[in-house]
1. Grab the helices (runs of 4 or more DSSP H) fully contained in the range 103-188, keeping just those with 3 or more residues being within 15 Å of the chain's Cα centre (by Cα) and surrounded by fewer than 24 Cβ atoms within 10 Å (Cβ to Cβ).
2. Select from the range 65-83 the residues that are under 19 Å from residue 164 (Cα atoms) and either in a helix (DSSP H, G or I) or not assigned by TED's automatic domain parsing to the domain that holds residue 44 (or both) and list them in ascending order.
3. Going residue by residue through the range 233-244, is there one that turns out to be at pLDDT below 95 and not in a helix (DSSP H, G or I)?
4. Tell me, which residue of the range 229-275 that is touching a helix residue (DSSP H, G or I) at 6+ places or on another chain (Cβ under 6 Å) and crowded, with 16+ Cβ neighbours inside 10 Å is nearest to residue 180 (Cα to Cα)?
5. For a quick check of your reading of the model, give me the residue pairs whose first member lies in the range 295-307 and is farther than 14 Å from residue 254 by Cβ, whose second is surrounded by 11 or more Cβ atoms within 10 Å (Cβ to Cβ), with beta-carbon atoms closer than 7 Å and at least 6 apart or on different chains.
6. Among 50, 89, 46, which is in contact with a helix residue (DSSP H, G or I) (Cβ under 9 Å, 6 or more places away or on another chain), assigned to a strand (DSSP E or B) and buried (at least 19 other Cβ atoms within 10 Å of the Cβ)?
7. Going by the structure shown, is residue 265 out of contact with any strand residue (DSSP E or B) (no Cβ under 6 Å at 6 or more places or on another chain) and modelled with pLDDT of 90 or more?
8. Return the residues of the range 1-35 that are outside any helix (DSSP H, G or I), loosely packed, with under 14 Cβ neighbours inside 10 Å and touching a residue at least 12 places away in the same chain (Cβ under 8 Å); say none if nothing qualifies.
């Protein structure tokens, strides 16, 4: 069987390739795989680096507005989890190359649609549903479930599937050039990759319905008013200011930050106050035993800045 690069070695691509080989479409499969590999070789598609304690992830396919080309899902998932596993990284920043964050789903030549692995006409709901879960939702789940603080740095257009990715971050900051398009309804899609769940919790149910049911397109100042983003910076200062914010986060005790994030996320999931308080008491017990907490108690008593050693 034809080998797939690691970033394509995902169940939906494997199912599609198996179907191609069984149907005598091997050459079509090889042509698509070659095109997808060339996308990565020519533009990386996803770039990563570490600056101080901040792990950066950059969506990088600028010739198509940083659209979600097929290799992106695996590369983005790997980049997020790699920074998540790196003990030297304490905060993760996500942005786009050039003038766009991401224009969302790629619909050009050699795209990969959910229906491809269930037949070219895409009429079978299974395994199409599995493709949504296994591939299209995977980077967003990785970002949302990452225990480390995450920051989406919105440098320009963000639309389609990228809206869901942006909302999966803990904090969103934007450039004055930000262009945020809640385009799901415009393209005949739903908020299946996370926006239907996250946006009401971020901006309130009424505002979420206003934005999504009208396929609204808003700029940075409107996004700030809605609460979609928390800060807006001049375009030329965005990366620098975002790095400073991430460094500020990364300077705090990492175990404490992970557990505060757990507490905040569980506020969505635990309906009863008393149940939440029980969970928070257990979480705080963990923090109390860390060196960073105990050292902070001593330092604060001495009116000194608490040292952070990360354990």
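1. Fully inside the range 103-188 and qualifying: 138-145.
2. Answer for the range 65-83, where residues must be under 19 Å from residue 164 (Cα atoms) and either in a helix (DSSP H, G or I) or not assigned by TED's automatic domain parsing to the domain that holds residue 44 (or both): 72, 73, 74, 75, 76, 77, 78, 79, 80, 81.
3. Looking for residues that are at pLDDT below 95 and not in a helix (DSSP H, G or I), one finds none in the range 233-244, hence no.
4. Per the criteria, the residue is 229.
5. So the pair list comes out as 299/306; 299/307; 300/306; 305/299.
6. 46
7. So residue 265 fits the description; yes.
8. Correct list: 1, 2, 9.
The values are calculated or read from the model by the stated rules, or taken from the named source; none is laboratory data. What you see is a predicted model; the values in this text were computed from it and never measured. Cβ coordinates were reconstructed from backbone atoms using ideal geometry, including for glycine residues, and neighbour counts include every protein chain displayed.
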